[in-house]
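Each reported figure results from applying straightforward, stated rules to the coordinates on display, with no laboratory input. Note that the structure is predicted; figures quoted are calculated from it, not measured. Using ideal geometry, Cβ is built from the backbone for each residue, glycine included, and neighbour counts are taken over all protein chains shown.
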Amino acid sequence: MSLLSVIIPAYNEEKNIVLAAARLSEVLSSAGITYELLFVDDGSRDRTYALICEEAQKNPCVRGVSFSRNFGKEAAIFAGLREAKGDACVVTDCDMQFPPEVIPQMVDLWKQGYEVVEGKKTTRGTERASHGAFARLFYSLIGHAVGMDMQSSSDFKLLDRKVVDALNTLTERDTFFRALSFWAGFRTATVEFEVLDRANGQSKWSFRGLLKYAVNNLTSFTTAPLRLVTLIGMLLMVGTLVLGVHTLVRYFTGTAVEGFTTVILLLLLIGGSIMISLGIIGHYVARIYDEVKNRPRYLISHRTEEEDSHASDT
Ligand code: UDP
Ligand code: MG
């Protein structure tokens, strides 16, 4: 009998835990799937973890771990992949934006021999127009970097144990789960689903947070910005040649006095390009620094299994 682990990152989701556990266990048990629900509490400041513990006591198929602080959704997903015991893992959201009814379809495809089942969004759900345009740009850039169309990809996917083990061998701290499953390859199928509205509460993404997320994920998949620095340099070289010849000709024909404006503009252009280039290189150096420190991606402070033993001690 194969076990399916459902990994659910949760950050300040006290309103959704009970609902998520109920919906998921209802769908999975009525489809005859042996499952475990693995909640990863990403350092929530509300009652999220307490509710996970309550669910775990009620239903032996529910487990949970809790981070010592908020480490972000990526860290929560990877903690889930590490902790999961299943022969396959499904990653889904706690806010029920990914319809649980799709999971049995994913499992069917997995049983047919597919090792990765990607959830593909047919709509992007409700989001601000600025976010939509921004997301399209980001996905076309990152899609280019991984050589796949990522436009409608999501974190909702099923991974076979083989793929989970492969992802668990990655040592990098800054991960981008959505693209890593493409990077890993394996036999892949897709299922389409419609993004629903958030069950309760609101999305925690600010525009600034999204921008940081986009820049970090892009630079963890591509070094194209570094090549851009070389390109700027080459363009400036071409300009230098043209202007250099021009200046020399004027010098030798004796008409080389004015040109103050050109000097100012050139100074600004060159200064600006150098600063931008340094910024880009600096970003990569910072990333190298972060990776080299090799700190763990997350720290687990509680596990529901241990809570049980504490309870029986007293
Ligand atoms: N999440 C998390 N850590 C965070 C932010 C979010 O574990 O720092 C979880 C959150 O609880 C939810 C999922 O990631 O289960 C998606 O978050 P959200 O709904 O806020 O994002 P959106 O659906 O708008 O992309
Ligand atoms: Mg959501």
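Before moving on, here are some points about what is shown:
- Summing Lys and Arg as +1 and Asp and Glu as -1 over all other residues whose Cβ lies under 12 Å from the Cβ of residue 280 gives a net charge of +2.
- Residue-by-residue Karplus 3J(HN,Hα) for the stretch 219-233, coefficients 6.51, -1.76, 1.60, Hz, glycine and proline x: 6, 7, 10, 9, 9, 3, x, 5, 5, 4, 4, 4, 5, 4, x
- With the highest mean first, a sort of the peptides 214-227, 248-261 on other beta-carbon atoms found within 10 angstrom per residue produces 214-227, 248-261.
- Counting only alpha carbon atoms, the long axis of helix 102-111 and the longest principal axis of the chain meet at about 90°.
- Descending by average beta-carbon neighbour count within 10 Å, the peptides 13-22, 267-276, 163-172, 137-146 line up as 13-22, 137-146, 163-172, 267-276, the highest first.
- Share, in percent, of DSSP beta bridges within the chain that are antiparallel, nearest 5: 30
- Whole-Hz Karplus values for the stretch 237-247 come out as 4, 4, x, 4, 4, 4, 5, x, 4, 4, 4 Hz, taken residue by residue from phi with 6.51 cos²θ - 1.76 cosθ + 1.60 and θ = phi - 60°; glycine and proline positions read x.
- The C-alpha radius of gyration of the chain, expressed as a fraction of 2.2 N^0.38 Å, stands at 1.29.
- 0 to 90° range, to nearest 10: angle between helix 17-30 axis and the chain longest Cα axis: 70
- Using just its DSSP H runs of length 4 or more, each adding -39500 (n - 2.57), the chain gives a mean residue ellipticity at 222 nm of -17500 deg cm²/dmol after division by all residues.
- Counting only Cα atoms, the stretch 186-248 measures 70, 35, 19 Å along its principal axes, largest extent leading.
- Once backbone amide H atoms are built at 1.01 Å from N, residue 301 has 66, 67, 68 as its partners under 5 Å, excluding neighbours fewer than 5 places away on the same chain.
- A cut-off under 13 angstrom between Cβ atoms defines the neighbours of residue 87, and their net charge, with Lys, Arg +1 and Asp, Glu -1, is 0.
- Overall form of the stretch 23-102 per C-alpha gyration tensor (a/c, 1.5; a/b vs b/c): prolate
- The chain, relative contact order in percent, only Cα pairs under 8 angstrom and at least six apart counted: 22
- Under the convention that each Lys and Arg Cβ holds +1 and each Asp and Glu Cβ holds -1, the size of the dipole of the chain around its Cα centre is about 1160 debye.
- What the Cβ-Cβ distance of residue 210 and residue 237 gives, at R0 = 35 Å and to the nearest 0.05, is a FRET efficiency of 0.45.
- Converting phi to 3J(HN,Hα) with the Karplus coefficients 6.51, -1.76 and 1.60 and the offset θ = phi - 60°, the stretch 270-287 yields 5, x, x, 5, 5, 4, 4, 4, 4, x, 5, 4, x, 4, 5, 4, 4, 5 Hz in sequence order, with x at every glycine or proline.
- Pairwise centroid distance, computed over Cα atoms, of the stretch 1-75 with the stretch 244-314, Å: 39
- Folded to 0 to 90 degrees: helix 73-83 orientation relative to the chain principal axis, Cα: 50
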